[in-house]
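Undergrad: Attaching a single structure in structure tokens format; questions to follow.
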Amino acid sequence: MATYVDILRNEFPEIDSELFDYITGVLDSGGADFEDGEEVYDAIGGVLQEVSADSKNEDDIRDICLQMFNTLKLNEKDSQKASAPLVLEEASASQASSKKDNRVDQSGKNRSYDIRIENFDVSFGERCLLQGAELTLASGRRYGLIGRNGLGKTTLLKMLASRNLRVPAHISILHVEQEVAGDETSALQSVLQSDTLREDLLNEEKRLNARIANGTADGMESVRLSEIYGKLEEIEADKAPARASVILAGLGFSPKMQQQATKEFSGGWRMRLALARALFARPDLLLLDEPTNMLDVRAILWLENYLQTWQSTILVVSHDRNFLNAVVTDIIHLHSQRLDSYRGDYENFIKTKEDRLKNQQREYEAQLQYRQHIQVFIDRFRYNANRAAQVQSKLKLLEKLPELKPIEKETEVTLRFPDNFEKLSPPILQLDEVEFYYTPDQRLFSGLNLSADLESRICIVGENGAGKTTVLKLLMGELTPISGVRQAHRNLKIGYFSQHHVDQLDLNVCSVELLLNKFPGRTEEEYRHQLGGYGITGELAMRPVASLSGGQKSRVAFAQMTMPCPNFYILDEPTNHLDMETIEALAKALNKFRGGVTLVSHDERLIRMVCKELWVCEGGQVQRVDGGFDEYRDILQEQFRKEGYL
């Protein structure tokens, strides 16, 4: 059975790639809403008439549209049969929209790049995430989507990317979700290939030049080649490799790495590659889900600079408060199954939200008092015949009053790190003239000298691959120096939080069992109390760890780490799965802790709130930056300017 794509190619063999993509995009996104062949004709008939260049009359075009409609309906039935068993397991979205509105969007008559979606619901299985929500994304603005973990931020991005929520067909969308597949393609070429228009034009140019060279081309193909040259010049195709290289360099790819095959990169680097491809492709709507999780401080700073000049629309989910302050123009707050919009960055959101909540509470209390006043009158004269008309009037007045609700206070997140231990006299922990490598031909560190005590608040930063985690493992004694000495106080007790902490949890047991297996001999009440200090309470503590969210697993890992009451914490990227409220709670808990702290983090706010010393891991050394994070940012900005990455 021919598909509408087959029909389009057979009936219009000379159609150019841009029009082909446009027409198939209209049919892909709107197929379910067409009621007959005439509606397909209304959507794309005019375009097909232009493509045919008078070789087909109006009746021919209508007949072709009817054929396409029939294939669309067959495909729709097949799709419904195939997907029916999965309905309850996947996320779904519904919204109130007219077929007329859909057809206007799909026909391309509405060329606005603003997105407005009204009165829509989003659910995951039987759980309702959004109900009667509204979302407005104005073209060219940069939106930060925030909210507690597990409320549906990632699901909303997926609904937009898959167009389960109605987005006009002419608006291109890119969702940075999955890492690039590894193959022989170089990193640079992979990024260049993300611009499909440029790739199609170059391939067509190559094909036409080959036909001209062997003398098989006709006059129309020579004309088409001239058109292609014009389009390539218009999109500045010759500058594309340089632009792609700048993006890759900004995200940490050295010139050598840019030429490496994608199969040689780890998953983290292939996620960076996916981000680079999206930045290079420049979609009308860019969807980013926690983009800073995969990046080091240097790459985050570059990305902040790059996105500040982004011309189209961005919707980004991030727990990085400083990143949001640097990048976004608006905040969308997901809570209570609704979306609230705020102009300005995250700091402005905090202030405006507090003002809104105060006003909401004042209005609620004033109305409550007014209702009570009217109710007193009604109760007093309800059975008084002379006042019956007034009572009825008051009852109608109550019915017409809008229903105001008191403010919903979100549960405050608190973390606690026990510190009922004896103070230790320095020296506590030292590395003296340490040399280390994994293979002799790739020396990682030499002459490394570091020291920490119970007063230490140290943050280690540096590019991915510079050896930050290796330094932590040398400090813990998990790795043994090739030469040099690690010295540790005999009463030093280290608590370690790995950036891969999920891999170290037994996912098949509940949180209470996990602590029992790790620290036997205590009561269930003690285990529950320990977990409760990290927000794992009630039935949540009895669920299998595998069923918990990423943030909840992190809390379980914190509970496990602190159970033996360490006096020194070593934390490797502790914020990766935490929401902003939990990051704030983590910072406050570390500040109250009376022991030592050394951490690796890319979260600027956590670094500024907690750390007194900044160590930079670079070039086989770890150097202290006396000016702290401000000086480090200035150093990186100057490097960007010198290297032309801004």
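The values are calculated or read from the model by the stated rules, or taken from the named source; none is laboratory data. Since this is a predicted model, take the numbers as computed values, not measurements. Cβ sites come from the backbone with ideal geometry, for glycine too, and all protein chains shown count toward neighbours.
Quick grid of which residues meet (1) of a type in the set (V, I, T); (2) out of contact with any Phe, Trp or Tyr (no Cβ under 9 Å at 6 or more places or on another chain):
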| residue | (1), (2) |
| --- | --- |
| A249 | no, no |
| A261 | no, yes |
| R270 | no, yes |
| L273 | no, no |
| P283 | no, yes |
| V297 | yes, no |
| T309 | yes, yes |
| T329 | yes, no |
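Undergrad: Does the stretch 497-511 include one or more residues that are assigned to a helix (DSSP H, G or I), at pLDDT 95 or above and in contact with a helix residue (DSSP H, G or I) (Cβ under 7 Å, 6 or more places away or on another chain)?
TA: There is at least one residue in the stretch 497-511 that is assigned to a helix (DSSP H, G or I), at pLDDT 95 or above and in contact with a helix residue (DSSP H, G or I) (Cβ under 7 Å, 6 or more places away or on another chain).
Undergrad: Let me ask you something else. Restricting to the stretch 534-549, name every residue that is touching a Leu at 6+ places or on another chain (Cβ under 7 Å) and surrounded by 20 or more Cβ atoms within 10 Å (Cβ to Cβ).
TA: Those that are touching a Leu at 6+ places or on another chain (Cβ under 7 Å) and surrounded by 20 or more Cβ atoms within 10 Å (Cβ to Cβ): Y534, A541, V545.
Undergrad: Select from the stretch 366-405 the residues that are of a type in the set (G, A, S) and either modelled with pLDDT of 85 or more or surrounded by 10 or more Cβ atoms within 10 Å (Cβ to Cβ) (or both) and list them in ascending order.
TA: A366, A388, A389, S393 - these are the residues of the stretch 366-405 that are of a type in the set (G, A, S) and either modelled with pLDDT of 85 or more or surrounded by 10 or more Cβ atoms within 10 Å (Cβ to Cβ) (or both).
Undergrad: Further question on the same structure: Checking A276 against (1) touching a helix residue (DSSP H, G or I) at 6+ places or on another chain (Cβ under 9 Å); (2) on the phi > 0 side of the Ramachandran plot: exactly one of these is not met. Which one?
TA: Exception for A276: condition (2).
Undergrad: Checking F497 against (1) surrounded by fewer than 19 Cβ atoms within 10 Å (Cβ to Cβ); (2) within 30 Å of I350 (Cβ to Cβ), which test does it fail?
TA: Every condition holds for F497 apart from (1).
Undergrad: Only residues that are part of a helix (DSSP H, G or I) and in contact with a helix residue (DSSP H, G or I) (Cβ under 9 Å, 6 or more places away or on another chain): list them for the stretch 159-188, please. Full working, then the answer.
TA: Restricting attention to the stretch 159-188, the residues satisfying the condition of being part of a helix (DSSP H, G or I) are 159-161, 187-188.
Those that are part of a helix (DSSP H, G or I) and in contact with a helix residue (DSSP H, G or I) (Cβ under 9 Å, 6 or more places away or on another chain): A187, L188.
Undergrad: Those residues that are surrounded by fewer than 13 Cβ atoms within 10 Å (Cβ to Cβ) and either aliphatic (A, V, I, L, M) or not in a helix (DSSP H, G or I) (or both), I need them from the stretch 4-23; list them, please.
TA: The answer is P13, E14.
Undergrad: Filter the stretch 127-149 down to the residues that are touching a helix residue (DSSP H, G or I) at 6+ places or on another chain (Cβ under 7 Å) and either assigned by TED's automatic domain parsing to the domain that holds D28 or not in a strand (DSSP E or B) (or both) and list them by number.
TA: If the condition is that a residue be touching a helix residue (DSSP H, G or I) at 6+ places or on another chain (Cβ under 7 Å) and either assigned by TED's automatic domain parsing to the domain that holds D28 or not in a strand (DSSP E or B) (or both), then G147, R148, N149 are the ones that fit.
Undergrad: Separate question: When you check L286 against the structure, is it at pLDDT 95 or above, part of a helix (DSSP H, G or I) and at negative phi, yes or no?
TA: So L286 does not fit the description; no.
Undergrad: Sort out which residues of the stretch 314-345 are in a loop (DSSP other than H, G, I, E, B) and closer than 28 Å to P574 by Cβ, and write them in order of number.
TA: Of everything in the stretch 314-345, those that are in a loop (DSSP other than H, G, I, E, B) and closer than 28 Å to P574 by Cβ turn out to be S318, H319, D320, V328, D345.
Undergrad: I've got another one for you. Any residue in the stretch 301-308 that is modelled with pLDDT of 95 or more and not in a helix (DSSP H, G or I)?
TA: So far as the stretch 301-308 goes, yes, one or more of its residues are modelled with pLDDT of 95 or more and not in a helix (DSSP H, G or I).
Undergrad: In the set E513, E435, which member is touching a Leu at 6+ places or on another chain (Cβ under 8 Å) and acidic (D, E)?
TA: E435
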